[in-house]
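Colleague: Can you read through this structure? Questions will come right after.
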Amino acid sequence: MAIPDYQTLMLPLLQLASDLQEHQLRAVTETLADEFALSSDERSELLPSGSQFVFANRVGWARTYLKQAGLIDSPRRGFFRITQHGLNLLQEKPVRIDVNLLERFPEFLEFRARRREKESASTPDMTASGETPEDSLAAAYQTLRADLEAELLQQVKDSSPAFFERLVVELLVQMGYGGSRQDAVDRAAELESLALFSDSINP
């Protein structure tokens, strides 16, 4: 399944804390990964910056929002526990906890007001978009990368045969094939000959 967004993680995270015990965020992250049956690839998927795992980042944001709404608190670094407000909310048996639900808590509204004062017009508001800042940056990165790939591909298609041959040679050298550039030229010629031969026997 796809990695759940941070709002989807809020309710299960709060439910895990309903035993009134202190919980370590790292351990809860593993428990939630098991609960959502994430694959090893999904658990190890990194943010574009490579600084943190995507799933752990979203669990962290879910914890932050619940804390800002007064549903959990942090008795010490890296740990959290449920508050009476959190217990009261769970007694209502909500099917989902998201930003819209958190808006009923004055503490959360104050948090949003403070955040909006600090944000510039160009900074994404994750409470409105449903994405974490890292998710927004990742989406922008993927869009830019796709645009760049399309532009480079079109430039290669529009290039002359001589330029394309030089490009292939340079690519072979950078990939560590062929040794010297002359060896790469010879290898590229061999590949071209094979391609022409293949076309001749498979018209």
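Read-outs: derived from the displayed coordinates by stated rules, not from any lab. Computed from a predicted model, the values in this text were never measured in an experiment. When we count neighbours, we look across all protein chains shown, and the Cβ atoms used for this are built from the backbone with ideal geometry, even at glycine.
Colleague: Measuring from label point to label point, each 7 Å out along Cα→Cβ, what is the Leu109 to Ser159 span in nm?
Modeller: Result for the modelled spin labels: 6.0 nm.
Colleague: Turning to a different aspect of this structure: Would you list, by chain and number, the lysines whose Cα falls below 26 Å from the Cα of Lys118, excluding same-chain residues fewer than 8 positions away?
Modeller: Once the sequence-local lysines are set aside, what remains near Lys118 is Lys67.
Colleague: On alpha carbon coordinates alone, what is the Rg over Rh value for segment 6-129, Rh being the Kirkwood radius?
Modeller: Taking Rg over the Kirkwood Rh, I get 0.97.
Colleague: Assuming R0 = 35 Å, what is the FRET efficiency of Glu117 and Leu87, from their Cβ-Cβ distance, to the nearest 0.05?
Modeller: After rounding to 0.05, the efficiency reads 0.65.
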